[in-house]
Amino acid sequence: CMKKILIIQTAFIGDVVLSTCIIEKLHAFFPGAQIDFLLRKGNEGLLKAHPCLNEVLIWDKKNGKYKTLWRLLRVIRKKKYDKVINVQRFGATGLLTAFSNAKQRIGFDKNPFSRAFDVRVKHSMGDGAATTHEIERNLSLIQSFTDNTIYKPRLYPSQQDRDSVQPLKPLPYICIAPASVWFTKQYPAEKWISFINKIPASYTIYLLGAPGEAKLCEEIQQKAGREIISLAGQLNFLQSAALMQDAVMNYVNDSAPMHFASAMNAPVTAVYCSTIPAFGYGPLSDKKYIVEIQEPLYCRPCGLHGYKQCPEGHFKCAYLIRDEQLLETLGNACHRLNGPSGRAPE
């Protein structure tokens with residue numbers, strides 16, 4: 001009988017969202033199990049009041065990284081988990097898993113501590129011919145005691161989160177999350193502005209982002225030739241997700257907001273600059289579109305993650321994307337929304 005399970009994912013926001021597919025599947029297979037989740041401080045808002053979770057453990061990496069790690073290890077050992085499932089390939093979380101005292105310790109073979117795991121799962125980025133999505137990699141960790149069915153990631157905004165963004169929804173709207181942690185993953189501000197100026201005036205446009213992205217959003221807001229509303233730094237993770245859910249379209253980079261859209265099954269257009277969908281982090285919504293440079297570029301992709309600047313100095317993978325490519329996905333979304341005639345159904 002499986003009573004207590006811990007999932008470990010202390011990486012970035014998007015990584016946490018993509019690992020929620022494991023929570024969904026475990027809860028479906030073992031509805032009576034107590035599922036806990038360990039993440040890094042700052043990301044706990046993603047899983048606030050999650051209906052399938054018992055407890056969220058937080059690792060404060062910034063204040064005495066290793067001191068807090070040892071403290072966490074003591075907490076984990078006391079809880080006597082039946083299974084600890086480590087989604088990461090880094091030493092620190094490998095150490096937590098290896099010394100967790102759990103009956104079964106599960107993780108990827110690429111983790112430096114994997115020799116101490118009871119179950120080591122091969123980690124594969126795909127062979128180029130077929131793309132393995134990150135959620136398939138994540139779910140492979142629990143396949144031996146579940147099955148090979150794919151479960152999608154999911155976020156659960158509270159009624160309060162939904163109510164707080166409801167006043168923003170009276171008219172058809174578009175959300176744009178223009179920022180990314182990495183420069184080469186971020187569609188340039190002037191390209192967003194050019195696209196925004198071609199969007200039909202009947203749509204309200206909301207810019208989404210973290211507090212640190214407010215400056216970029218303000219710049220876009222000021223330079224755009226129309227009224228747009230910046231909500232950067234004003235909404236928490238789950239409020240942003242609740243707003244994205246009912247948008248006519250969400251425009252995002254290859255970054256966390258794309259995964260928010262996936263977790264809410266919200267319509268999404270993902271703009272890929274230096275990275276490519278074949279890495280396995282693409283959108284999962286039923287209505288999903290990918291926009292990228294249409295001709296092959298010798299230097300693309302330049303790496304699995306982004307860079308602080310274009311290694312070649314030209315950033316053609318972003319600048320050669322055309323406004324029309326983004327506008328086309330909006331047209332497709334409206335066509336689906338209104339039926340083949342393009343008019344709203346009677």
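The values are calculated or read from the model by the stated rules, or taken from the named source; none is laboratory data. Nothing here was measured: the structure is a model prediction, and the numbers come from that model. So basically every Cβ, Gly included, is an ideal-geometry build from the backbone, and we count neighbours across all protein chains shown. When the accessible area is computed, the model is the full protein with side chains, heavy atoms only, and any ligands, DNA or RNA have been set aside. Shrake-Rupley method; radii C 1.70, N 1.55, O 1.52, S 1.80 Å.
Using modelled amide H (1.01 Å from N, peptide plane; none on Pro or chain starts), what sits under 5 Å from the amide H of Leu38, excluding residues fewer than 5 places away?
Ile7, Ile8, Gln9, Leu57
Probe of 1.4 angstrom, ligands and nucleic acids ignored: what's the accessible area per residue over segment 45-163, in square angstrom?
54 Å²
Among the GluC sites (Glu not before Pro) within segment 187-227, which fall in a DSSP loop and have no more than 12 other Cβ atoms within 10 Å of their own Cβ?
Glu227
Please name which of His305, Ala263, Asn253 has its Cα lying farthest along the dipole of segment 227-346 towards the positive end, using unit charges on Cβ (Lys, Arg +1; Asp, Glu -1) and the Cα centre as origin.
Value: His305.
Please report the accessible area of Met258 (heavy atoms, 1.4 Å probe, ligands and nucleic acids excluded) in Å², nearest 10.
The value for Met258 is about 0 Å².
Straight-line reach from Lys61: which aspartates and glutamates fall under 17 Å, measuring Cα to Cα and dropping same-chain residues less than 8 apart?
Partners within reach: Asp15, Glu44.
Please give the length that would be gained between Thr131 and Thr146 if that part of the chain were fully extended, namely 0.36 nm times their separation in residues minus their C-alpha to C-alpha distance (nm, one decimal).
My answer for the length gained is 3.2 nm.
Which cross-chain or sequence-distant (5 or more) residues have an amide H under 5 Å from the amide H of Phe108, H modelled 1.01 Å from N in plane?
Under 5 Å from the amide H of Phe108: Val121.
Would segment 192-337 count as rounded, prolate or oblate if I go by the C-alpha gyration tensor, calling it rounded below 1.5 in a/c and otherwise prolate when a/b exceeds b/c, oblate otherwise?
rounded
By accessible area of protein heavy atoms, probe 1.4 Å, what ranking do Arg120, Arg300 get, highest first?
Largest accessible area first, the residues go Arg120, Arg300.
Straight-line reach only, C-alpha to C-alpha below 20 angstrom: list the lysines that Lys198 could link to, leaving out same-chain residues fewer than 8 apart.
Within the straight-line limit of under 20 Å, Lys198 reaches these lysines: Lys223.
With a 1.4 Å probe and every protein chain kept in, tell me what percent of the accessible surface of the chain is carbon plus sulfur.
For the chain, the apolar C and S fraction of the accessible surface comes to 52 percent.
Calculate the dipole size of segment 1-136 relative to its Cα centre from +1 charges on Lys and Arg beta carbons and -1 charges on Asp and Glu beta carbons; express the result in debye to the nearest 20.
In total the dipole reaches around 840 debye.
Treat each spin label as a single point 7 Å out from the Cα along the C-beta direction, and report the Asn332 to Arg89 distance in nm.
So the two model labels end up 3.0 nm from each other.
Give the dimensionless ratio obtained when the Cα radius of gyration of the chain is divided by 2.2 N^0.38 Å.
Rg over 2.2 N^0.38 Å, computed on Cα atoms: 1.03.
For a quick protection proxy, order the peptides 230-236, 178-184, 27-33 by their average other-Cβ count within 10 Å, most packed first.
178-184, 230-236, 27-33
On a full-extension model of 0.36 nm per residue, what is the gain between Lys169 and Arg74, subtracting their alpha-carbon distance, rounded to one decimal in nm?
Working it through step by step, the gained length comes to 29.6 nm.
In nanometres, what is the gap between the two model label sites at Glu190 and Cys299, each 7 Å from Cα along Cα-to-Cβ?
Placing both labels 7 Å beyond Cα along the Cβ direction yields 1.7 nm.
Treat every Asp and Glu Cβ in the chain as -1 and every Lys and Arg Cβ as +1, leave all other atoms uncharged, and give the resulting dipole magnitude about the Cα centre to the nearest 20 debye.
Value, rounded to 20: 1680 debye.
Which of the residue pairs Lys3/Lys25; Lys122/Lys185; Lys48/Lys79 have a Cα-Cα distance greater than 25 Å in the structure shown?
In this structure, Lys122/Lys185 lie more than 25 Å apart at Cα.
Return the sequence-ordered ³J(HN,Hα) values of segment 204-219 in whole Hz as given by the Karplus equation 6.51 cos²θ - 1.76 cosθ + 1.60 applied to θ = phi - 60°, using x for Gly and Pro.
Values per residue, Gly and Pro as x: 6, 10, 10, 9, 10, x, 7, x, x, 9, 4, 5, 4, 5, 5, 4 Hz.
Simple spin-label model, 7 Å along Cα-to-Cβ: Glu55 to Lys223 in nm?
About 4.9 nm, to one decimal.
For segment 219-322, state which chymotrypsin sites (Phe, Trp or Tyr not before Pro) are in a DSSP loop and have at most 14 other beta carbons lying within 10 Å of their beta carbon.
Passing sites in segment 219-322 are Tyr298, Tyr307.
Starting from the Cα of Lys215, draw a straight line to each of the aspartates and glutamates and keep only those under 16 Å, dropping any in the same chain fewer than 8 residues away.
Once the sequence-local aspartates and glutamates are set aside, what remains near Lys215 is Glu190.
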